[in-house]
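Below: one structure, written as structure tokens.
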Amino acid sequence: MNPENAEKKRVVLLMSPATYRAGAFLSAAKKLNLEVVVGIDLPETLAEYWHVPLGVDFAAPVASVRTIVEYAKEHPITAILSVDDAASELAALASAALGLAHNSPKAAEAARDKLLMRTLMSEGGAPCPVFHPFVLGDDPAWIAGQVTYPCVVKPLRLSGSRGVIRANDPARFVTAFNRLKRLLFSEGFSKHDHVLVEDFIPGFEVALEGILTRGQLKVLALFDKPDPLDGPFFEETIYVTPSRLPAKVQEDIACCVTIAAASLELREGPVHAELRVNEQGPWMLEIAGRSIGGLCSTILEFGAGMCLEELILRQAIGEEISSIEREERASAVMMIPIPAAGMLKAVYGVEKAQAVPLITGVEITAKLHHPLVPLPEGASYLGFIFARGDSPAAVEEAIRRAHSLLKFDIRRDIPVLRTSTSALPR
């Protein structure tokens with residue numbers, strides 16, 4: 001990359017104050033000698049008070065686009081990226097207003113709204129579950145008689161498996177629906193908002209990390225999720241790459257994601273897709289117009305030590321990335337689940353876990369003396385465990401060994417308010 005040209009490139013990174021992912025993107029931008037402007041999710045008055053150069057309210061897209069366009073008049077922008085889900089639609093709207101390469105606002109909306117996503121994927125030919133929308137204000141006992149079992153009830157816009165609950169019969173459905181209703185009401189949704197009910201798809205779950213250039217998908221990594229995800233809640237734990245699935249199955253997965261992306265008209269930038277695989281082949285669960293969340297991206301490395309965020313930034317500023325390949329060694333990450341609600345008082349065994357062969361890091365992100373809320377209401381993990389080695393089996397075993405050495409002192413007798421604090425990395 002020519003440093004002289006890089007100095008002329010300015011990238012806006014839109015992020016929420018609590019995101020896990022700021023550091024990785026800022027480090028990658030510094031390595032590429034890019035000028036970075038951070039757009040923080042703050043109302044205009046607070047942005048002025050805290051002297052934030054570019055404060056934008058993600059909940060007010062029209063005003064925020066106007067703010068970004070005004071800023072660009074004095075400070076030309078090469079690319080606008082959303083660091084996580086929260087600002088993907090705003091990034092698309094602002095990019096469209098400035099004529100920058102990006103997914104369309106319609107595609108960004110479809111990748112965020114599960115009902116629109118399901119509708120477009122089904123119409124576009126991507127294999128996906130049978131689904132039905134219902135209104136929160138509807139009688140759950142009536143809805144329970146309209147659906148088939150087992151089924152999954154889920155919110156349209158929460159991320160990271162929040163509010164996603166499996167029901168095997170009408171009685172469990174009513175319980176699940178009411179639980180989701182309470183969560184959504186606490187998040188400001190109304191009885192007029194929709195939820196999605198879809199058939200439960202059995203099988204082995206995988207995640208595909210890719211990048212789109214003019215609609216062409218390049219697969220960056222395919223992750224196996226070796227722990228069963230059969231419900232009633234769907235907390236992700238271990239991701240392992242490369243996948244141990246047969247080559248033909250991996251090709252079918254990539255083809256399925258390509259169809260899904262085209263159905264939503266996703267054409268540019270990173271994509272993170274979740275699928276189930278069974279004897280009938282791959283099934284699309286979700287596709288997001290962003291990269292893998294949390295700290296999970298740190299296990300991916302490309303070319304000569306290039307991280308995922310650098311790859312994304314290179315593509316965003318117009319560089320060719322089609323020939324860049326992931327390193328051959330196996331890697332894994334565990335998102336450490338929260339076992340119970342309560343107050344986190346202490347964490348033991350971190351040094352022992354870090355000493356396990358092949359373990360490259362243990363990051364405890366939960367704060368001591370702060371409340372913990374598990375899924376389906378919760379919105380965070382205890383932390384992350386990372387491993388790298390010669391085979392997928394070896395790194396998975398190392399992750400499990402390290403996790404077994406960690407002990408969490410959670411005071412369950414302390415009342416915990418069930419509310420969200422940050423986005424899960426899915």
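Exactly one residue out of I317, I324, I399 is within 21 Å of Y20 (Cβ to Cβ) and not assigned by TED's automatic domain parsing to the domain that holds K154: that is I399. Residue pairs whose Cβ atoms lie under 8 Å apart, separated by 6 or more positions or on different chains, with the first residue in the stretch 54-68 and among the acidic types (D, E) and the second not in a helix (DSSP H, G or I), are D57/D41; D57/L42; D57/P43.
Do we have P337 as surrounded by fewer than 19 Cβ atoms within 10 Å (Cβ to Cβ), at negative phi and within 21 Å of the chain's Cα centre (by Cα) here?
Details: surrounded by fewer than 19 Cβ atoms within 10 Å (Cβ to Cβ): yes; at negative phi: yes; within 21 Å of the chain's Cα centre (by Cα): yes.
Here the answer is yes, as P337 does meet what is asked.
Working only within the stretch 117-138, note down all residues that are hydrophobic (A, V, I, L, M, F, W, C), under 24 Å from P150 (Cβ atoms) and more than 17 Å from the chain's Cα centre (by Cα).
So in the stretch 117-138, the residues hydrophobic (A, V, I, L, M, F, W, C) come out as 117, 120-121, 126, 128, 130-131, 134-136.
Of the ones still in play, those that are also under 24 Å from P150 (Cβ atoms) are 117, 121, 126, 128, 130-131, 134-136.
Those that are hydrophobic (A, V, I, L, M, F, W, C), under 24 Å from P150 (Cβ atoms) and more than 17 Å from the chain's Cα centre (by Cα): M121, A126, C128, V130, F131, F134, V135, L136.
A search for C-beta distances below 6 Å between a residue of the stretch 123-140 that is surrounded by 15 or more Cβ atoms within 10 Å (Cβ to Cβ) and any residue that is among the acidic types (D, E), counting only pairs 6+ apart in sequence or on different chains, returns P129/E198; P129/D199; F131/E198; L136/D193.
Here is a check on your reading of the model: is A110 in contact (Cβ under 8 Å) with a residue 24 or more places away in the chain, surrounded by 19 or more Cβ atoms within 10 Å (Cβ to Cβ), of a type in the set (G, A, S) and out of contact with any strand residue (DSSP E or B) (no Cβ under 8 Å at 6 or more places or on another chain)? Write out each step before concluding.
Values: in contact (Cβ under 8 Å) with a residue 24 or more places away in the chain: yes; surrounded by 19 or more Cβ atoms within 10 Å (Cβ to Cβ): yes; of a type in the set (G, A, S): yes; out of contact with any strand residue (DSSP E or B) (no Cβ under 8 Å at 6 or more places or on another chain): yes.
Yes, satisfied.
When the stretch 234-271 is filtered for residues that are in contact with a Ser or Thr (Cβ under 7 Å, 6 or more places away or on another chain) and under 19 Å from I201 (Cα atoms), the ones remaining, listed by number, are F234, E235, E236, Q250. The residue that is modelled with the lowest pLDDT, among those in the stretch 278-312 that are crowded, with 22+ Cβ neighbours inside 10 Å and over 24 Å from I80 (Cα atoms), is I299. Scanning the stretch 143-170 for residues that are hydrophobic (A, V, I, L, M, F, W, C) and either without any contact (Cβ under 8 Å) to a residue 12 or more places away in the chain or outside any helix (DSSP H, G or I) (or both) returns V147, C151, V152, V153, L156, L158, V164, I165, A167. Just one residue in the set T360, T298 is part of a strand (DSSP E or B), over 30 Å from G124 (Cα atoms) and of a type outside the set (A, V, I, L, M, F, W, C); that residue is T360. Per the conditions (1) outside the structural domain of V65 (by TED's automatic domain parsing); (2) touching a strand residue (DSSP E or B) at 6+ places or on another chain (Cβ under 8 Å); (3) crowded, with 22+ Cβ neighbours inside 10 Å; (4) farther than 22 Å from N278 by Cα, the sole criterion not satisfied by H102 is (1). Of all the listed residues (F204, F185, F233), the sole one being farther than 30 Å from S297 by Cβ and of a type in the set (F, W, Y) is F185.
The number of residues in the stretch 240-290 that are touching an Asp or Glu at 6+ places or on another chain (Cβ under 6 Å) and among the hydrophobic types (A, V, I, L, M, F, W, C) comes to 2.
The values are calculated or read from the model by the stated rules, or taken from the named source; none is laboratory data. Note that the structure is predicted; figures quoted are calculated from it, not measured. FYI the Cβ positions are ideal-geometry reconstructions off the backbone, even for glycines, and counts take in every protein chain you see.
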